[in-house]
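> Below are the structure tokens for one structure; questions will follow.
The values are calculated or read from the model by the stated rules, or taken from the named source; none is laboratory data. Not measured: the values here are computed from a predicted model. Cβ atoms come from the backbone with ideal geometry, glycine included; neighbour counts cover every protein chain shown. Each accessible area value is taken on the protein alone, full model and side chains, heavy atoms only, with ligands, DNA and RNA left out. Shrake-Rupley method; radii C 1.70, N 1.55, O 1.52, S 1.80 Å.
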Amino acid sequence: MKQDKFLIGILIGIGALVVFALTLFFTRQGKVEYMVDDTPEGVTHNYLLALVNKDYQKAYGYLADLDNKPTYEEFRQSFLSGNTNPDSAGADVGAAQINQDVASVELTVYYSYNDPFSANTGSSDRASLVLQDGVWKITYMPYSFWGYDWYQMKP
């Protein structure tokens, strides 16, 4: 009888811990919001968030108007076909270094793997932006967020 009460106490304790863990998990998942896009960091953050939200029209609006810019359909198709896959990576936006009308934003890009034995790894990279008509526009992002042939010379 005494062992039954002890076992029931342990099971109640485990149940309480599970409820507590689930409560923390669901309440701590904050929604990421768009930032003001008047800084290189804000534009970079908003571009990445638009890709995560699959708002390709908004993301395309952050691209610089330079020679060999992809069309909206080429941009969108790159993500829909899986050639560019932001779902397999994440990024933390760091500080920007601004030199007149050119900026470089530090990024830590995290790549995820599908097996349970690999840890997510982070690597340093950068985003490049230019100031066009008073607005920061992206000219380069790391691979998972950018097509390899964007802004390249077309044959």
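> For residues that are open to solvent by less than 100 Å² (accessible area, probe 1.4 Å), farther than 23 Å from Leu51 by Cβ and modelled with pLDDT of 85 or more, tally how many sit in segment 10-41.
Count: 7.
> Taking the criterion of being out of contact with any helix residue (DSSP H, G or I) (no Cβ under 8 Å at 6 or more places or on another chain), more than 22 Å from Asp125 (Cβ to Cβ) and open to solvent by 60 Å² or more (accessible area, probe 1.4 Å), would at least one residue in segment 98-105 satisfy it?
yes
> Scan (1) modelled with pLDDT of 90 or more; (2) farther than 23 Å from Gly42 by Cα for the single condition Pro155 breaks and write down its number.
(1)
> Say we look at segment 106-139 and pick out the residues that are surrounded by fewer than 13 Cβ atoms within 10 Å (Cβ to Cβ), among the polar types (S, T, N, Q) and under 16 Å from the mean Cα position of the chain (by Cα); which of these is modelled with the lowest pLDDT?
Ranking the candidates gives Asn120 first.
> State which residue pairs qualify: first residue under 15 Å from Pro86 (Cα atoms) and inside segment 36-63, second residue assigned to a loop (DSSP other than H, G, I, E, B) in any location, beta carbons under 7 Å apart, and separation of 6 or more residues or different chains.
From residues that are under 15 Å from Pro86 (Cα atoms), the pairs are His45/Met35; Asn46/Tyr34; Asn46/Met35; Asn46/Asp37; Asn46/Tyr62; Tyr47/Tyr62; Leu49/Val32; Leu49/Tyr34.
> What number of residues within segment 61-85 satisfy the criterion of being within 15 Å of the chain's Cα centre (by Cα) and open to solvent by 30 Å² or more (accessible area, probe 1.4 Å)?
Of the residues in segment 61-85, 1 are within 15 Å of the chain's Cα centre (by Cα) and open to solvent by 30 Å² or more (accessible area, probe 1.4 Å).
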